[in-house]
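Data first, discussion second: the structure below is written as structure tokens.
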Amino acid sequence: MKITQNQFKSIIGPNGAGKTTLFNLLSGQLQPTSGRVIYRGKDITRLSPTARTRLGIGRSFQITNVFPNLTVLENVRLAVQSQGKVRYNMLSSYKKYAQFEALALEWLELVLLADKKDSLAANLAHGEKRKLEIAMLLALNTEVLLLDEPTAGMSLEEVPAILEVIKKIKDQGNRTIVLIEHKMDMILELSDSIMVLFNGRLLADGTPQEIIENETVQSAYLGGVYDERPLKT
């Protein structure tokens with residue numbers, strides 16, 4: 001399978017289809033038993049998750065992963081600082097590194113959290129924690145953004161805000177976004193292309209319209225049976 005640079009690719013499939021396993025392979029949490037992972041022409045199959053992050057591959061998880069006892073701004077500032085070219089002195093005031101804070105504020109503006117910058121991350125609503133996690137990934141100079149069910153656990157009222165954030169990131173046009181999501185209206189609105197997995201195999205890959213009209217996909221979703229017919233893409 002291939003993901004085109006700076007496009008928005010969604011991955012769908014029934015529970016157990018292999019969507020999160022695919023993300024684990026792309027981000028380095030799992031090693032493949034066969035095949036390779038190629039990024040920008042380089043074989044990264046054996047690289048650790050940390051090394052892949054340094055290359056620009058960032059991944060969110062279904063469970064939010066932030067520092068709860070730090071403020072929203074401090075969470076993002078740490079991510080910005082990790083990309084800085086200066087050695088940080090723990091005995092120095094953070095105010096000496098104003099450039100880190102300025103960049104962190106820019107990322108918070110993008111994800112609509114600037115007004116929460118002084119709040120403890122632990123006190124954020126679930127949807128706000130999702131936005132904070134995305135800001136932290138962006139602050140790592142992420143070129144490929146792997147979003148694993150970013151609306152999971154959200155109330156209906158919280159979904160539009162995260163959708164707006166993802167749209168803003170997409171509209172910048174300088175990142176490849178790969179999304180796992182179950183909300184089909186969201187997928188159809190955002191995606192340049194959609195990949196369908198079924199029982200750990202690639203069932204179909206095409207534009208949203210092609211996927212909607214694909215009889216094999218319809219059979220897999222509605223009937224739950226995949227009869228090994230050639231893919232229709």
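How many percent of DSSP beta bridges within the chain run antiparallel, rounded to 5?
Here the antiparallel bridges make up roughly 35 percent for the chain.
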Problem - Length released on extending from GLU215 to ASP192, taking residue separation times 0.36 nm less the Cα-Cα span - result: 6.3 nm
Handout entry: ³J(HN,Hα) computed for each position of region 48-56 - Karplus, 6.51 cos²θ - 1.76 cosθ + 1.60, integer Hz, glycine/proline x
Key = 6, x, 5, 5, 5, 4, 5, 7, x
Handout entry: Amide H contacts under 5 Å for LEU30, placed H, 5+ residues apart
Key = LEU25
Fill in the blank from the handout: Candidate span helices, the chain: DSSP H, at least 18 Å along axis from Cα coords, Kyte-Doolittle average at least -0.5, result 98-110, 126-139, 159-172
Fill in the blank from the handout: Checked against a 30 Å limit on the C-alpha separation, the offending pairs among LYS2/LYS117; LYS19/LYS116; LYS42/LYS116; LYS2/LYS170 are LYS2/LYS117; LYS19/LYS116; LYS42/LYS116
Handout entry: the chain, helix-only ellipticity at 222 nm - DSSP H runs n ≥ 4, -39,500 (n - 2.57), divided by all residues, nearest 500
Key = -11500 deg cm²/dmol
Problem - Given charges at beta-carbon only (K, R positive; D, E negative), |dipole| of the chain in Debye - result: 1220 debye
Exercise for the section: Determine the shape class of region 171-222: with a ≥ b ≥ c the square roots of the Cα gyration tensor eigenvalues, call it rounded for a/c under 1.5, and otherwise prolate if a/b is greater than b/c, oblate otherwise. Expected result: prolate
Problem - Per residue accessible area in Å² of the chain, where ligands, DNA and RNA are left out and the probe is 1.4 Å - result: 53 Å²
Problem - For peptides 40-47, 14-21, sequence by mean Cβ density within 10 Å, most packed first - result: 14-21, 40-47
Practice task
Step through the residues of region 4-17 one at a time and calculate ³J(HN,Hα) from phi using the Karplus curve (6.51 cos²θ - 1.76 cosθ + 1.60, θ = phi - 60°), rounding each to whole Hz and writing x for Gly and Pro.
Solution key: 7, 4, 6, 10, 9, 10, 9, 10, 10, x, x, 4, x, 6
Fill in the blank from the handout: If unit charges are put on Cβ atoms (+1 for Lys and Arg, -1 for Asp and Glu) and the dipole of region 1-55 is taken about its Cα centre, the option from ILE12, LEU22, THR45 lying farthest towards the positive end turns out to be THR45
Problem - Dipole of region 30-78, positive direction: furthest Cα of ILE57, THR71, PRO32, with charges on the beta-carbon - result: PRO32
Exercise for the section: Report, in whole Å, the centroid distance computed from the Cα atoms of region 31-84 and region 107-165. Expected result: 16 Å
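The values are calculated or read from the model by the stated rules, or taken from the named source; none is laboratory data. If you're wondering where the values come from, they're calculated on a predicted model, not measured in any experiment. Positions of Cβ are generated from backbone atoms using ideal geometry, with glycine treated the same way; all protein chains shown enter the neighbour counts. To get the accessible areas, we keep the full protein, side chains included, count just its heavy atoms, and leave off ligands, DNA and RNA. Shrake-Rupley method; radii C 1.70, N 1.55, O 1.52, S 1.80 Å.
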